[in-house]
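Right, one structure below, let's go through it.
The values are calculated or read from the model by the stated rules, or taken from the named source; none is laboratory data. Remember, it's a predicted structure, so these values are computed and weren't measured experimentally. All Cβ positions, even for glycine, are placed from backbone atoms using ideal geometry, and neighbour counts span all protein chains on display.
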């Protein structure tokens, strides 16, 4: 199975940093998006399927801290903070508002690449849902992830381990559209011995078990030409 390029968003108000970092990471197989301020960053994040954000702490207008806090309300996307502040209190504050890691300026491009690889690998193992919410559509769907209990209406639904992992991955990132390859990597692991189209079979089975009308799903949605997302409210 071919490994898909990861979309990374680089946010910094210094054009030279954006240029150098983008070129370096693109040469290592990543697909790079850039933003020079917080407004642009949030706009790009809302439009693209971003796998990781490298975020400058000190920016005019919306600060990196505010961007981080805003992203954390809607996504568990990994965030690496760039900061010129090396003192412990500022670094701890960055981690406290939801950043996964930080790197101080000036930094080595090789070190940044290593941090990105580490954070992406770590985040792919975390299938704890972003929200503490465990019921959707006025209680029609209920999930206890700690006990692996899924209920449709009041009836317990028996999901296979892979079906549950895929469902957890979709719920983990509200609004995120997953390609088949991303679902395999995030939910099933890079050691999954199967084909991209195997995801379609799991999706079909999930719909049979969770949807009132599998042909008009409300929970496991197809985004044509891209992949799948969770649609519960």
remark   = Selection from segment 43-93 of residues in contact with a strand residue (DSSP E or B) (Cβ under 9 Å, 6 or more places away or on another chain), at pLDDT 85 or above and farther than 21 Å from residue 18 by Cα yields none
remark   = Filtering strands (runs of 3 or more DSSP E) wholly in segment 124-233 for at least 2 residues that are modelled with pLDDT of 85 or more and surrounded by fewer than 18 Cβ atoms within 10 Å (Cβ to Cβ) gives 149-152, 155-157, 220-223
Segment 18-39, subset free of Cβ contacts under 8 Å to residues at least 24 places away in the same chain and part of a helix (DSSP H, G or I), residue surrounded by the most Cβ atoms within 10 Å (Cβ to Cβ) = 18
